[in-house]
Structure formats: C-alpha cells, structure tokens
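The values are calculated or read from the model by the stated rules, or taken from the named source; none is laboratory data. Here the structure is a predicted model, which is why all the values come from computation and not from measurement. No Cβ is skipped: glycine too gets one built from the backbone with ideal geometry, and neighbour counts run over all protein chains shown.
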C-alpha cells in the first residue's frame, strides 16, 4: 500500500507540472499533492491487476480519479458550500489562493482528469478507454458526486432526514467515485462483464463503508488526530450514521459491509485479490 | 443556421432531461436551454460534414461543447468571479438557484459533456472518440478556458496589460473552445491530419474574431440590444481591443481575421465549406 502510494504520488507529480499560468497550476498542485491516502488510485490499480492487466494500463485513470477526488474537495470546501478552512491539516485551497482561483482549479482538475486518461493511456484498446471515460464521467455528475453534494446541501438543518436519504447522500458523495476507481481499473485491465460487475458491487460496499467509518471518526476523534476539523457534522447539524443508529450499531453496519465486500472477491485468484481485501480492511479499521 | 440551431436545441433538451435530484437538473437545464446562438455546436457539425462525416457522428460532441460553454458562463458569472446577474436577458444561474447549486451545476455539465461524447457517439471508431475527448479536455483546462479566465481575473485593474496579454486572454477564454468545436467535428468525421490542422487555424482566427467583435459590441450597444449588461468591460476597467487600438483599428483587425479564416477553407469543396464561411461572416457581422 505504501509502495503503491509512492508510485501514484510520483505519477501525479509528473502529470500536473508547474507551467504558465503559474497561479492556477500552483493551486491545482497545492491540493492534489497535499498527501492524501491515495485509496482511490490504489483501488484502481489493484482492480486492473486482479483481472490480468498491468499497473501502467490503469495509472493514468488512477491519477484521474484522484484529480476528481481533489476537485470535489476543493469545491466542497468553498464558502458557499461547506465553508471549511482546514483540510488534511492545511489551509483549504480558497484560503490560500482565493475563492475564484479555487473554483477554477477544481474545473481545471476535472477537465484534466479526462485529458489525462484520453492522452496518456497507452497499450489499451480505445474501446476500453471510451467505456472507462463514460463510467468516470457518470460517477461525477448529476447522478454521482454532484447528486450527493446537492442533496446533502439541501438536507442540512432538516429534521426529517431518514436512513434512506442518508444512504443516498453517502452512496453518491463517496461510493460512486470509489466504484468508478475500481470499475475503471477492471475495464482497462480487460475484465469480463461479470468480473466488472462483481468488482462494482465490492466497490459500492466499501464506498458506503468508507463513509460510515468517516461519520464514526468525526465524533470519536480530535481535529489533530484527523488532520481536519472534527465534530463538524454535529456543528452543521448534519445527519450521520452515529446520529441515526448510535455508535455501536454504526460499527456493526460497517462490519457487515466489509464482510459483503470481501465476499465479492471469492471467485478471484486469492493471491491477486489480497490488495483489495487489505484495502477493504484498511478502510474499515482506519483511524483517520 | 436556424435549422441547425433547432436540431441542436432538440438534442440538448433530450440529453439533459428532468430527473432526480430535480434541483440540480433544473439548474443545468435553466442555463443550457436559455437560448444561446449555438454557434459552437453548429461549427462542430459543419466541420464534421465538411470532411465527409454526417451530422449524427458529431451531434453528441456538438452538444458537449455547448455544455462546456454553458458551464464556463455559469462559473464566470459567480460572485467570486465576474459577479454578473444578467445573462442572455435572464437572471444568472446563481441568482436563481443559489451560489452552491450554480457551482455544482457547472461541475455536472462539465462531467456530463464527457459522458455524453463517450456514451452517445455511435458509428465512429473509438480511437477517434478518444482523440476528440483529449482535444475537448485540453480546450477547457489550465491550458484552455481556465487559463484565460485566471489571467483575466489577475489582470483586472492592472494598467500594464498589453496586446500580447490581451490576445492570450481571448485566445484562451474564447478561441480555444471554438477551436475545440471545429477540431472535434473534423476528427469525428474522419478528416485527415492536414484537414484537421487547416480547420484548427480557421477556428483560431474566428475565435479571436469572436472576442474582438464582443469587445466592440460591449462599447457600441445597449444592454437591451445585447441581452446582457453592456459597458461592463469599462466599469470593470478591463483591457479590451477598442481600449488598446480604438474602435476603427479594432474593426480592421476583425476584418483581417475573417479573411484569414476563410483562406483556410480554400482547399475544401466550396459548396460543403459554405456553412463555415457563413459562420465566419455571422461572427464578424453579428449585432449582439
């Protein structure tokens, strides 16, 4: 995992170099290279290798998924959205570069993600690349990340948010892009339709798991431990799993999702599936 | 032109239907279907037909280009950018839907543009689709639209903006996406590399032409005639061609660009080139 993260960081650093206009590239790099855990690109590479592809086939897509993730963080942190000034232990993008540049850095990362897949994916049949691009785009837009964020925004302060709506928000805000990461890897690596669908199910489970664990950490850890503002869900009066189910039931739900996710991997070569099993456990048991 | 615009509007209407979450789709449709002149998609379709393709091969790409154009208008109008509250004679997106939804509607349109090309382009070899996606993405990002907007923002109120910088802004803010529209059509229609490059040169000329004419209209027309706030370049103390060259020299420059653009079309079938010649003249002589 640490080795994968290092090669992903290297690829990201090379993909978005310092160019003119300097300010926008600095802003993009500031958030992209801020040292995230690179879970999404690692999932993308692991899925590609699981179905018989090699790392280089999926590296541009893996970087693209991380660019999209970074874009969504920059835009979500804006004053007109969640108005957050701390992220990964550092001031958020708009605090450093201004709101206008932060909006544009997000837009540029979103566009560049697609450019990078289209231009830098080598030795993969173009039909697979087109399919991968369609999947990634769907994971972002009004049926993906954006859908989750808009329903989240419209639900803040409402008292009648139920489990179904909460799950809609999390599936879209978090699980869709994790699903995209895994499915892109599987498609580019040449997985069969059946393999792609099994991995899609795995990814949906760990995507929801990711958010349930995030909700639990928000109420059980300090800002220092998390590297971002803790307790902000409570302050914003957001509905969370701990709020609806309590901490214990939330932890049980997380375990159930982890188990279901790993069951999807049963039909694959056990050794090759090890990274995806490890990633599911990492998401389930992470401490920040 | 009017007939093309009608079929483009129909395709856009069908592409972005009303779905859940309703608010984000309404916001996307509000700006996308606000009745622009559809110059960019018309250019895309005409370029495709000029090199021997048919309209349906380029229609998803033509719609995608208009989605990108709409996205850039929504984000450029935001309070943290140009802070404009009137666009095409109607209140801007963030005035109607709020700033947060406007940011997200732009993001969703940006993502959906790529989804639409990848999923809905039929009967075109996938290698062409991948190449087209790479071109479109490049036209948007930190070497395209975003580069123009960021340099524009950073130049406001500065006294030392010269012709070179002004041209950088316009080439990036306006010409890059017109170039994208034309080049996408030419690639998807199966144009040779030589044809694609000639059409690229044509598009760059009319792209700059578009902006020079825009600058001239801003100082010579009323808000009512334009359907948007007139004289705003002066108010914002923006550098424009009329300001640097005077109105007469700006008009001469526009004529030179139109002539150069049309010279690129000389080697093509004259009858098939007629729509692109007409579009260049339309851009040169439009009144709003």
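For this structure, a couple of remarks:
- Residue in the range B:13-23 that is closer than 30 Å to residue B:156 by Cβ, away from chain A (no Cβ under 14 Å), out of contact with any strand residue (DSSP E or B) (no Cβ under 8 Å at 6 or more places or on another chain) and free of Cβ contacts under 8 Å to residues at least 60 places away in the same chain present: no
- Flag for residue A:152 being over 27 Å from residue A:191 (Cα atoms) and more than 7 Å from chain B (Cβ to nearest Cβ): yes
- Among the residues listed as B:145, B:104, B:136, the single one being crowded, with 19+ Cβ neighbours inside 10 Å, over 19 Å from the mean Cα position of the chain (by Cα), at pLDDT 95 or above and within 11 Å of chain A (Cβ to nearest Cβ): B:104
- For residue A:82, the conditions (1) at pLDDT 95 or above; (2) surrounded by 20 or more Cβ atoms within 10 Å (Cβ to Cβ); (3) over 22 Å from residue A:130 (Cβ atoms) all hold with the exception of (1).
- Of all residue pairs spaced 6 or more apart or on separate chains, those with beta-carbon atoms under 8 Å, a first member in the range A:267-288 that is loosely packed, with under 13 Cβ neighbours inside 10 Å and a second member that is at pLDDT 95 or above are A:267/A:198; A:269/A:50.
- All of (1) in contact with a helix residue (DSSP H, G or I) (Cβ under 6 Å, 6 or more places away or on another chain); (2) closer than 21 Å to residue A:25 by Cβ; (3) in contact (Cβ under 8 Å) with a residue 24 or more places away in the chain hold for residue B:165 with one exception: (1).
- Taking the range B:112-128 as the range and being crowded, with 23+ Cβ neighbours inside 10 Å, more than 17 Å from the chain's Cα centre (by Cα) and within 7 Å of another protein chain (Cβ to nearest Cβ) as the test, the residues that pass are B:115, B:118.
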